[in-house]
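Notes follow once the structure below has been shown.
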Ligand SMILES: Nc1ncnc2c1ncn2[C@@H]1O[C@H](COP(=O)(O)OP(=O)(O)OP(=O)(O)O)[C@@H](O)[C@H]1O
Ligand SMILES: [Mg+2]
């Protein structure tokens, strides 16, 4: 698939911007702060109904406006798909597919964009919540049927937490009565928790060997793996449904008193850690900047590979490489270009021409004074 046209109205720094794209390599070139990443962020938003940089939509709306509109035309296996999204300051959002208004969920998965960007470093260096979110998002990308699992788990968790909070503020009979109502939530929580952990493990089992292979192409004799660390003490000895249900039941029992005292759920996938390891050392806190960057890139390229391998996908995702080349040496740039040339469309951003691979045959947009012109 490829983007043929993108139009932005009051999106971040762009009051109005219209760009035409072709298959192959597209390059957005320009000084810092000229709005290159803003364009690929808008593209990512069209595909995923969310930004890859921020969790709230407010920063996406130009500071002098109260709404923004993003429109994109795509070619997907010779069919045209038009996606439009309008976001308002009051958190409203409307989505159209081929001019028809749809619920935002219905537009998910029509377009696939894999983006590698400096923000990815946070997956490896940031707090465990970033890694959990990353894996849960990949799980949904690879099997959209699990999209509801994390929201369902979070809903039950919220209910259970509010009961625990009430119980923590009560005593005697009133507290006992509140605790008694926990049972039904425990059962739901454990069921969904086990499912979510299983999906994460399956996703990691698919992703990490492919990422490891890609990483070894860049850095031979290195080994990338992971450890899933559950929120209860102990390891995941038998990662299957019934065993997980038993473990979660035991763990919840053993921390029941502390949960009531603290008024919060202490066991479950919302507190698990996914430890990425390079040569058996944790990436976080041990890997060098260049290694961390290359691991992040390998993870993203692994997602691309898995989407391409899926027989339900007739068309390769759009690959976005935002500020990636500046971090790589000449050999790694050449290797990455081989991959970039293998997909229908790759969009590259860079601040300077020297940051690009040599002999790059690309359509170049130059970003200057808030606008963009093509060569
Ligand atoms: N809501 C907004 N309203 C107006 N301007 C905004 C808004 N959000 C971001 N900007 C501006 O957009 C610019 C950043 O754009 P962007 O991140 O696309 O830059 P870039 O060209 O990718 O730069 P770099 O090469 O440094 O990555 C900044 O100058 C920022 O102030
Ligand atoms: Mg940028």
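No value in this document is a laboratory result; all are computed from the given coordinates. Fair warning: this is a prediction, and the values are worked out from it, not measured in the lab. Positions of Cβ are generated from backbone atoms using ideal geometry, with glycine treated the same way; all protein chains shown enter the neighbour counts.
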* Structure fact -> What one gets for region 142-273 as the Kirkwood radius, inverse of mean 1/r over different Cα pairs in Å, is 16.4
* **Between region 133-211 and region 323-346, the alpha-carbon center distance in angstrom** => 39
* Asked: So for the chain: antiparallel DSSP bridges make up what percent, rounded to the nearest 5?
  -> 70
* Asked: Hey, fewest Cβ within 10 Å first, where do 168, 90 land in order?
  -> 90, 168
* Structure fact -> Rounded to the nearest whole number, the Stokes-Einstein translational diffusion coefficient of region 292-357 at 20 °C and 1.002 mPa s (Kirkwood radius, C-alpha pairs) in µm²/s is 171
* Length-normalised contact order for the chain - Cα pairs under 8 Å, 6+ apart - percent -> 25
* Structure fact -> For region 235-354, the Cα convex hull volume per residue in Å³ comes to 197
* Any chance you could run the full-extension gain for residue 202 through residue 152? It's 0.36 nm times the residue separation minus the Cα-Cα distance, nm to one decimal. => 16.1 nm
* Asked: Of 270, 289, 52, which is the most mobile in a GNM of the chain whose springs link Cα atoms less than 10 angstrom apart?
  -> 289
* Give the angle, between 0 and 90 degrees and rounded to the nearest 10, that separates the Cα long axis of helix 36-48 from the longest principal axis of the Cα atoms of the chain. => 50
* Taking Cα atoms of region 1-105, Rg/Rh with Kirkwood Rh, to two decimals? -> 0.95
* Distance histogram in 5 Å bins (all Cα pairs of region 1-55, percent per bin) -> 4, 17, 28, 29, 17, 4, 0
* To do: Let me know the Kirkwood hydrodynamic radius for the chain, please, with Cα pairs as the basis and the value in Å to one decimal.
  => 22.5
* On the first, second and third principal axes, largest extent first, how far apart are the outermost C-alpha atoms of region 142-199 in Å? -> 49, 14, 12
* To do: Using a 10 angstrom cutoff on alpha carbons, build the Gaussian network for the chain and name the most mobile of 354, 324, 76.
  => 354
